[in-house]
Every structure is written in C-alpha cells, then in structure tokens.
Amino acid sequence: MNYHVLTLFPEMILDGLNTSILGRAIKKDLISLEAVNIRDYAEERRKGRVDDYPYGGGAGMVMQAEPVYQAYQAVCGRIAERSEGKPRVIYLTPQGQVFHQTLAEELAREEDLIFLCGHYEGIDERVLEEIVTDYVSIGDYVLTGGELPSMVMIDAISRMVPGVLNNEESAQFESFQDNLLEYPQYSRPEEWRGKKVPEVLMSGHHGNVEQWRREKSLERTLERRPDLLETAELSQKDRKYLVNCKYKSSFF
Ligand code: ADE
C-alpha cells in the first residue's frame, strides 16, 4: 500500500504516522507514505501562496485549483511508472460519506491511495470535480483541516494491510468482529482499589470464559451501540440472552 497525502502541512502527516505500528510497517516496506506539499506547486509569481478570495464574496479563503491539480499530476506521474489505472483520490470533508470499517477494508485492497487535505473555506470545486473519486467524513463535526481525518483513515486502513499487525495484535483489536463491541479486559493485580477481577476469568475454564466474554460483548453493544445489533451476526443463543438483558433492564 502506498499513501500519497496532498497537504499544506506535510510535517504534520509525517510526524503523526511515523511511529508505533505504522512506523514499523513503513520500515518493513509494507506501506509507504509520502506527504506532498501543495505549496510547492504554487504559481511562481504567487510565492508559495495557494489560496485566494471566493468569487461571490463571503468569509475566508479558498484553495486554488491549479496548485492542487499540479500536485495531483506529479503523484500520478510517479505512480504511472510502476502501475496502470487511475488511483482513488479521497477528499476529506464533513460533507462526505461517514468513514466506517467496511470502507477501511475495501480501501486496504488498493495499491495506491491519494488523500487530499483541504484548509480555509475549502478547495475550488472545479479541481474536486476533476480528480476526486471519494468524498469522506470521519464524523459529524467540523475540524480545521483534512490532515487529522486522513491520518485517522490511514491508521484504520493500514491495520487491514496483510502483515502490518502481528498475530497477537490482530487477535487483540477485535472491537468490530461480528459487528459487536469488545468485552472488557483485566490484568494484574487481582484486586485494585477494592475492585476484583471477575471470578470466571481466573477459573481456567476456557468454555466458561468464552461464554462470559460473548455475553459481555452483547450487553455492552446493547447498552452503548444498540444500532450495531441490527447488522450483527447473532446466534439463537445470543438473541435469547439479549431478550433477557432487555427484560432485566426494563425493571431499572
Ligand atoms: N475536514 C473538516 N472536518 C472534517 C471531518 N469531520 N471529516 C473529514 N474531513 C474534515
């Protein structure tokens, strides 16, 4: 997987992603990351400036089409040297479809991804029409730019690239397996400030531990994200358990 991030703040992208699991994946050549400074493609006479006033008036500045297009073309030229076909271009915007795990899995199968990070009041619509394939939001709130959302997406997508997580790590992060939230975890000490680890986890009885974990996942999903249950993979036993939980909670 090769990421190409078009941005006004390349150091933010590189500093943010070159550590921990992603830093290791970059070193192992499982993923590559380039941050392309859009300012480098500013018109000569504008001396690094890439924004201008909006036609029709209004607050704020708009990022101009040409520097963004030139930065995009430069990346496409490099990609074309080793593969064919147009890469997907993701524009981060609160107006896009909301990012989710299934999209992360789909994007992880691409060889190259271009992320376009906007700032100010947005980017000239004409270049968006020309190059963007996917408009993506990371949630219903407004951030100051597309850098953090693109980093969030790159993190979530990279976890899905084969080899990025080792076995232990991939088994560990299973919050969305079967579309259920993960069960609670405990570590030493056995008692912390009067709170004990649930008995069953120390019983050594594998079957009971598995059942307890499944039940906690179901309870937690019902309590915190009941919307997920609509698409979760549930057995007859799971359904019975949930009906029981709902019945009990109706007394409180
Ligand atoms: N840019 C600003 N806010 C954003 C959001 N919530 N998601 C994606 N890009 C954004």
Every residue from the range 102-143 that is away from the ligand (no atom under 16 Å from the Cβ) and either touching a Pro at 6+ places or on another chain (Cβ under 7 Å) or closer than 22 Å to residue 160 by Cβ (or both): 102, 105, 106, 108, 109, 110, 111, 112
Under 6 Å between Cβ atoms, which residue pairs at least 6 apart in sequence (or on different chains) link something in the range 198-213 that is at pLDDT 95 or above with a partner that is part of a loop (DSSP other than H, G, I, E, B)? 213/183
Requiring at least 2 residues that are closer than 30 Å to residue 180 by Cα, the strands (runs of 3 or more DSSP E) wholly within the range 18-127 are 88-98, 112-116
The correct count of residues that are of a type in the set (Gly, Ala, Ser) and without any contact (Cβ under 8 Å) to a residue 12 or more places away in the chain in the range 66-81 is 2
Could you tell me whether any residue of the range 40-60 is more than 19 Å from residue 149 (Cα to Cα), of a type in the set (Asp, Glu) and surrounded by 15 or more Cβ atoms within 10 Å (Cβ to Cβ)? yes
Within the range 128-137, the residues that are in contact (Cβ under 8 Å) with a residue 12 or more places away in the chain, assigned to a helix (DSSP H, G or I) and among the acidic types (Asp, Glu) are 130
Is at least one residue of the range 146-161 within 16 Å of the ligand (Cβ to nearest atom), part of a loop (DSSP other than H, G, I, E, B), surrounded by 13 or more Cβ atoms within 10 Å (Cβ to Cβ) and touching a residue at least 12 places away in the same chain (Cβ under 8 Å)? yes
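The values are calculated or read from the model by the stated rules, or taken from the named source; none is laboratory data. Quick caveat, the model's predicted, so the values are computed rather than measured. Cβ sites come from the backbone with ideal geometry, for glycine too, and all protein chains shown count toward neighbours.
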